[in-house]
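Participant: I have a structure I would like to understand better, so I am pasting it below and will then ask my questions one at a time.
Only the coordinates and a few stated rules stand behind these numbers; no lab work does. Given the structure is predicted, the values throughout are model-derived calculations rather than measurements. FYI the Cβ positions are ideal-geometry reconstructions off the backbone, even for glycines, and counts take in every protein chain you see.
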Amino acid sequence: MGLEFFQIVFGITLVIISGYALSLVIFKKGDIDFVERVVFIPILGLLVPSLILLFINLAMRIRIDPLVTYLTFILIIGVSLGYPVLIKKEKLYF
């Protein structure tokens, strides 16, 4: 029971954080309002990692398991939070 609960909470948290980080990369802070960002968070948080995991499975022949899924989410969060700072030389405002 404890492990499944941890996986659910950790998974939902990763979806929300990755969706928010991707929405910050696509839309700047003032471009869309709060309601639109809340709509984009679950869409981006589920769509982008799913496409990346599909590519990993089909093109690279790597089995999808929880470790690969978690690493994919963490990689998406890191890249999307680091992109504005390192590439575009902008400050990232949460």
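Participant: Measure off 7 Å from each Cα along the Cα-to-Cβ vector at Ile74 and Arg61, then give the distance between these two points in nanometres to one decimal.
Facilitator: 2.7
Participant: Quick check on the chain: helices-only [θ] at 222 nm, where DSSP H runs of length 4 and up contribute -39,500 (n - 2.57) each and the sum goes over total residues. Nearest 500, please.
Facilitator: -26500 deg cm²/dmol
Participant: Stretched out fully, how many nm does the piece from Gln7 to Ser50 gain, at 0.36 nm a residue minus the Cα gap? Display every interim value, and only then the final one.
Facilitator: Values: separation 43, 0.36 × 43 = 15.48 nm, distance 1.72 nm.
Taking 0.36 nm per residue and subtracting the Cα distance, the gain is 13.8 nm.
Participant: Listing Glu4, Glu36 from the residue with the fewest other Cβ atoms within 10 Å to the one with the most, what is the order?
Facilitator: Going from least to most buried by this count: Glu4, Glu36.
Participant: Report the local net charge at Arg37: Lys and Arg +1, Asp and Glu -1, summed over other residues whose C-beta lies under 14 Å from its C-beta. Don't skip to the end; give the middle numbers.
Facilitator: Working: positive: Lys28, Lys29; negative: Asp31, Asp33, Glu36.
Every neighbour counted, the sum reads -1.
Participant: For the chain, what is Rg from Cα atoms divided by 2.2 N^0.38 Å, rounded to two decimals?
Facilitator: 1.17
Participant: Which residue, Leu24, Leu54, Leu46, tops the fluctuation ranking in a GNM of the chain built on C-alpha contacts under 10 Å?
Facilitator: It is Leu54.
Participant: Hey, fewest Cβ within 10 Å first, where do Val9, Val68 land in order? The partial results should precede the final answer.
Facilitator: Working: Val9 10, Val68 14.
Listed from fewest to most nearby Cβ atoms, that is Val9, Val68.
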